[in-house]
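Take a look at the structure below.
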Amino acid sequence: MRRSIVLLLVACNASEPSRPPAPPATVTSPVAESALPTVTLTEDAARRLAIQTAVVVDKDVLRTRRYPGRIEAVPGSGASISAPVAGVLLDSGALQPGTKVTKGQVVMRLRPLLAGDGDAVARGQRDVEIAKARVDAAKLRADRLAVLAKTGAASQRAADDAATELTVAEADLAEAGKRAGRARDNPFVADSALALRAPDTGTVLRLSVSPGQAVAAGTPLIEIARVDRAWVRVAVYVGDRERIAATAGSVEQIGGRTPRALTAVDAPALADPASSIVELVYAVDNADSAFLPGQRVLATLPLTGAARGAVIPLASVIYDVHGGAWVYTVDKPHTFSRRRIEIRDVLGTEVVLERGPKPGTTIVTAGVSELYGSEFGSK
């Protein structure tokens, strides 16, 4: 009896059809990228847009990678000016870091302090501070006695005496200020101001003082360096160091200018263990002073080993609002289709594709934006 019940249950389960599991997501109205709309232009429209085309080429390319860099002066190319004697800086000729100077140009004027002149300046400043403290105390006492005299808690004579003391203290403060000014602006010493000249042609890197400042003998005042040839310290991830062909490269300013050639410098690399960064050193020609010390730049360095890939002009690439890269292929005369691409490398004016149209495919290089606007109804 028990065996027949088990057989009956198995037979019932076998008769029920199996149900597939529910899908985790449902996509309605799917559109394959191969079914994207095409754009067909009339002959007149194609002529007005001046559509130009190129062919996807399969060739060997040199792989590169971009890294951040920093401009700095070549060590040993600079010189600093220090105060030859103790004195007061009269002016700095409106110099600022980055200002170009020529050899022999007057960059600062320093008024020397005669023997005892420095003590006179310090004594005058001390007298001013003491006189000011006396004025503050006299004013507080005069104000308090004036209030007490009105209420009868103090005599009017005491209030008048306090007011007189305040007047005398203010006069002493004014006289102390005049004495300090005469000590600071000694006309005999001002006539003997020293002209400090640039030791060489270069660019001001650093100003350590400001006009009116008193300095001791030997105080560094200004640093000047030649920047016609500059160093570029390129920050490279330590894992990429062995993959970089460190003999050459290019550098450009952030924001886009014509790249300049880099040459490797036999200088020790600097490592930062906190960020896994190694700074490689390169040199760049900077005769026109386009780069300034401390400026941030972008360096493009070649990687070891060439790779083969499909190459297209950079002008043929257009990006959508989500950052996706596309090109337009030519299906037949005046008919164009948009195709997605994945970019492996950007080499100047060329793009190496990771995925995209096959070599030999004709793509649009001029008029891409106009085709994109036509596809989405832009006027």
(message) Please list ASP58, ASP240 from largest to smallest accessible area, probe radius 1.4 Å, with all protein chains kept in place.
(response) ASP58, ASP240
(request) With a 1.4 Å probe and every protein chain left in place, tell me how much accessible area GLU175 has, in Å² to the nearest 10. (result) 80 Å²
(request) Add +1 for every Lys or Arg and -1 for every Asp or Glu among the other residues with Cβ under 11 Å from the Cβ of ALA146, and state the total. (result) +2
(request) Sequence neighbours fewer than 8 away in the same chain don't count; with that in mind, list the aspartates and glutamates whose C-alpha is under 18 Å from LYS178. (result) ASP117, ASP119, ASP127, GLU129, GLU170
(message) How big is the dipole moment of segment 193-297 about its Cα centre under a simple scheme where the beta carbon of each Lys and Arg is +1, that of each Asp and Glu is -1, and everything else is neutral? Debye, nearest 20, please.
(response) 180 debye
(request) At 1.4 Å probe size, with every protein chain present, just tell me what the per residue accessible area of segment 248-288 comes to in Å². (result) 57 Å²
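The values are calculated or read from the model by the stated rules, or taken from the named source; none is laboratory data. This structure is a prediction, so every number in the text was calculated from the model and none was measured. Using ideal geometry, Cβ is built from the backbone for each residue, glycine included, and neighbour counts are taken over all protein chains shown. What goes into the accessible areas is simple: the full protein's heavy atoms, side chains included, and nothing from ligands, DNA or RNA. Shrake-Rupley method; radii C 1.70, N 1.55, O 1.52, S 1.80 Å.
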